[in-house]
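A.B. asks: Pasting in a structure now, in structure tokens, and then I'll have a few things to ask.
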Amino acid sequence: MANFRPALIVVDLQEDFCPPNGSLAVTNGRDIAPLVNKLLASPFVIRIATKDWHPHDHVSFAANHQGKVPFEDLITIVNPYNEAETYESRLWPVHCVQGSPGAELIPELLTSQIDMVLEKGADPRIEVYSPFYDPFKSPRVYDSGIVKILREKQVTDVYVVGLAADYCVKNAAVDAAKEGFKTYLVEECTRAVDPSAWSECKKEIEISGAKVVSMDGPEVSRLMTAQ
Ligand code: VGL
Ligand code: ZN
């Protein structure tokens with residue numbers, strides 16, 4: 001396996017996305033930690049954790065829009081540099097406010113095995129689910145630089161885990177595939193905000209070229225035996 005250089009991206013495994021107290025708790029979100037830790041022990045070229053990292057006045061908080069209901073209502077996000085470019089985005093409870101306890105990575109995660117933490121969502125004007133870049137085509141408002149990091153490390157394969165499956169994890173996997181990495185979303189290491197829509201969501205992920213794989217499958221076993 002001369003040319004197998006895997007990277008792991010642990011997306012938003014933060015208190016606010018986990019029971020019992022998270023403001024945007026994903027059902028059973030905390031339960032993925034032991035399996036994520038197991039993956040972290042594999043010989044990845046680089047292990048990156050991302051954090052959702054919002055200011056109080058973030059556009060995705062329903063509380064910042066009069067009369068809007070979290071989880072239900074949508075808002076139109078406009079490219080601040082190109083008002084012709086817009087997208088619809090869901091509104092959420094206040095979550096992952098910069099420096100708050102809810103924005104902390106959960107203590108169950110073996111952070112000593114993580115090489116780098118990337119924060120996203122700091123621009124109050126736009127919603128960014130992907131740890132790669134925002135959904136705008138031109139000009140792009142946010143770019144984390146993760147593609148450069150992965151290329152510098154000559155990464156070939158990207159494994160994506162974390163929360164939430166149907167938002168940030170999905171967007172991370174889709175963008176990794178779009179950038180040409182062989183991409184795997186490890187299903188046991190994620191949970192969805194809306195589990196009833198997960199099978200439909202998986203299809204969308206696979207259309208992008210990323211594969212939804214199992215902890216017991218060959219893509220993960222290969223990690224344990226690779227060097
Ligand atoms: C996320 C909703 C809002 C996520 C972040 O990490 O999936 N979901 N902000
Ligand atoms: Zn967020």
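A.B. asks: Can you work out the FRET efficiency for the pair residue 196 and residue 111, with r the C-beta to C-beta distance and R0 = 41 Å, to the nearest 0.05?
C.D. replies: The computed FRET efficiency comes out at 0.80.
A.B. asks: From largest to smallest, what semi-axes in whole angstrom does region 1-69 give when each is the square root of 5 times an eigenvalue of its alpha carbon gyration tensor?
C.D. replies: Semi-axis lengths for region 1-69 are 32, 16, 8 Å.
A.B. asks: How do 65, 54, 95 rank when sorted from fewest to most other Cβ atoms within 10 Å of their own Cβ?
C.D. replies: 65, 95, 54
A.B. asks: Ok, one more. Sorting 60, 208 on the 10 Å Cβ count, fewest up front, what's the list?
C.D. replies: With the fewest neighbours first, 60, 208 line up as 208, 60.
A.B. asks: Where nothing but the Cβ of Lys and Arg (+1) and of Asp and Glu (-1) is charged, how large is the charge dipole of the chain around its Cα centre, in debye to the nearest 20?
C.D. replies: The calculated dipole for the chain is roughly 720 debye.
A.B. asks: Now a separate question. Please list 14-21, 34-41 highest first by mean number of surrounding beta-carbon atoms within 10 Å per residue.
C.D. replies: Order by mean packing, descending: 14-21, 34-41.
A.B. asks: When 114, 126, 9 are ordered from fewest to most other Cβ atoms inside 10 Å of their Cβ, what list results?
C.D. replies: Least to most surrounded, the residues fall as 114, 126, 9.
A.B. asks: I would also like to ask the following. Given a Förster distance of 35 Å, report the FRET efficiency between residue 69 and residue 203 from their Cβ-Cβ distance, rounded to the nearest 0.05.
C.D. replies: It comes to 0.80.
A.B. asks: Okay, moving on. What is the spin-label model distance, in nm, from residue 28 to residue 82 if the labels are put 7 Å beyond Cα along the C-beta direction?
C.D. replies: With each label placed 7 Å out from Cα toward Cβ, I get 4.1 nm.
A.B. asks: Here is a follow-up. Could you compute the net charge surrounding residue 40? Neighbours are other residues with a C-beta less than 11 Å from the C-beta of residue 40; K and R count +1, D and E count -1.
C.D. replies: With Lys, Arg at +1 and Asp, Glu at -1, the neighbours total +1.
A.B. asks: Suppose we keep just the alpha-carbon trace of the chain; what are its Rg and Dmax in angstrom?
C.D. replies: Cα-based Rg and Dmax for the chain come out at 16.8, 57 Å.
A.B. asks: Next up: In whole angstrom, note down how far apart the Cα centers of region 153-181 and region 29-101 are.
C.D. replies: So the separation of the two Cα centres works out to 15 Å.
Taken together, the values in this text are just the output of simple stated rules run on the coordinates, not laboratory data. Because the structure is a prediction, the values reported are computed rather than measured. Every residue, glycine among them, receives a Cβ derived from its backbone with ideal geometry; neighbour counts consider all protein chains shown.
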